[in-house]
Amino acid sequence: MSNLIQYSKNIVGCRIKKEIFIHPKLYKYPELYKAIVLHENKHSDGIGLGDFRLDLFNEELTGHKKEFYKFIFTHPRTLLGFLPLTKIGKYWAFDLQLFIAWVIVFLFGYLIGGNL
Ligand SMILES: [Zn+2]
């Protein structure tokens, strides 16, 4: 099933319920574009274990990693998409997985910092 595609400069690709958001310049990387849209289409409309697994392995991006990092490097605003809270289209999107990832990063920083 295909979902409606919308655009946001704050992310590479993201799904909010039934809407898929991609960066407006992503079409310049056709292979990456396909991989991202395929990945976002595989997500469920909510947050489930399947979504967690999908992002953990991210098989769709295998073979497109170089393009992916190049895209982020040339469009640094997409780094906003890696924050737990990002404005995407008309939504303020809160990402629980990213929130947990950041908490872990800060905890590690705190623990390491406390032992220096
Ligand atoms: Zn994903």
(request) With θ set to phi - 60°, apply the Karplus curve 6.51 cos²θ - 1.76 cosθ + 1.60 along region 92-104 and write out the HN-Hα couplings as whole Hz, x wherever there is a Gly or Pro. (result) 9, 9, 9, 10, 5, 4, 5, 4, 4, 4, 5, 4, 4
(request) Enumerate the amide H contacts of ARG15 below 5 Å, restricted to partners 5 or more residues apart or on another chain; note that Pro and chain-start residues carry no placed amide H. (result) PHE21
(message) Projecting each Cα onto the charge dipole of the chain (Lys/Arg +1, Asp/Glu -1 at the beta carbon, about the Cα centre), which of SER44, CYS14, VAL103 comes out farthest on the positive side?
(response) CYS14
(request) Just order 88-96, 108-116, 11-19 by mean Cβ neighbour count inside 10 Å, highest at the front, would you? (result) 11-19, 88-96, 108-116
(message) Sequence gap at least 6, Cα distance under 8 Å: using those rules, report the relative contact order of the chain to the nearest whole percent.
(response) 24
(message) If you consider only alpha-carbon coordinates, what radius of gyration and Dmax does region 4-114 have, in Å?
(response) 14.4, 48
(message) Among DSSP bridges having both ends in region 4-114, what percentage is antiparallel? Round to the nearest 5.
(response) 65
(message) Can you compute the charge dipole magnitude of the chain about its Cα centre, using +1 on each Lys and Arg Cβ and -1 on each Asp and Glu Cβ, nothing else charged? Give it in debye, rounded to the nearest 20.
(response) 420
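Taken together, the values in this text are just the output of simple stated rules run on the coordinates, not laboratory data. Because the structure is a prediction, the values reported are computed rather than measured. All Cβ positions, even for glycine, are placed from backbone atoms using ideal geometry, and neighbour counts span all protein chains on display.
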